[in-house]
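Everything on this sheet refers to the single structure shown next.
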Amino acid sequence: MIIVIDTTETFQHPLLTGPDWSYIQTFLNRDTATLVVPEIVILETISHFPVKLSDALSETNRAIGKLKKLVPDAQIATPKLDLTDATSQFKDAFHARLKELRAQTPGYEEMAITRIVQRSLQRRKPFDARGQRGLRDAIIWEGVLELGRTTQSHFEMPRLANLNASAEDFEVGEVYRIDGGEIGFSIEFTVKGVIECDEIEDYDPRERPWTTEFAGGVTFKIQTSQVLEEATGQVNEFTIERVKIIPGFQWPYDDID
C-alpha cells in the first residue's frame, strides 16, 4: 500500500498527528504501507505555516479582547511569538516527523515538463477549464504516476476477479474546444466487478488484518478525460483520471481512491 498525501492533509494536521495518523502509523510500522509526501507538498506546507500562525494569533487576540470586555479584571496575557523563529522550529519538527514515519519525499527537479505542458494545453485535470490553474496538483499527480511505474508492491494486493463488460450511469462533465479542431470533455461512469485478496500474515488480532473475508462485489466509479476530432468524432486520446472503489461488502475502510 502506498499512501500519498497533499497539502489538504497537512493543513488539517500540520505535524501529521492525531487519531487518523495513529491508525496509519500501524500500517507503516508493519511495513505493509509506504508514506509518500512529495517535496512540493513539504515546501507548500512550510511556506503556509507563518500565514496560518499569524491568522491564529489574530483570532486569539480578538477572543482575548472579547473576554476582557466581559471580565475586565481578568489577567489574560496576549501571546507573543516570533513568526520567523516559530516557522524555523516548525520546519525542523515537520522534517523530524517525516523521518519518524520513514516517508519518501520525491522531488520534481527531473520531472518531464512535457507531460505537464500537454496536460495544461489540453485542459486536462487537475488544470482548470482554461488550463491555467492547477500546476502544483499536476506536479503531484505526475509524481504519483512515476512512483507507480517504478514501485512494486512487496505483498499481495487485491486482484480483480471479474469485471462486467458494460458500463452504467454515464455522466458527462465539462466540454471545451481545443485548437486544431478537437473537442475535450470528461465522462464519469460506473462498472460492476468482483475483487479478492489473500491474507498476508497473521498480525495482532486487535488490529485489522487484510484477509480473504473482504473479497466480493464492488463498484468502480471511473472518471475519464477524452479528446476527439470535431469533424469525424474519432477519439484521439482517452485518459483515466481517477478510479474510486465503492465496496458492496465488508471492507476495512470507507471509499478507496
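Some notes on this structure:
- Lysines whose Cα lies under 30 Å from that of residue 66, excluding same-chain neighbours fewer than 8 positions away: 52, 80
- Qualifying lysines (Cα of each under 26 Å from Cα of residue 221; at least 8 residues distant if same chain): 125, 192, 244
- P(r), alpha carbons of segment 108-154 - 5 Å bins starting at zero, rounded %: 5, 23, 29, 21, 12, 6, 3, 1, 0
- 3J(HN,Hα) along segment 231-238, derived from phi through the Karplus expression 6.51 cos²θ - 1.76 cosθ + 1.60 where θ = phi - 60°, amounts to 6, 9, x, 6, 7, 8, 8, 9 Hz, with x in place of Gly and Pro.
Each value in this text was obtained by applying a stated rule to the coordinates, not by laboratory testing. Computed from a predicted model, the values in this text were never measured in an experiment.
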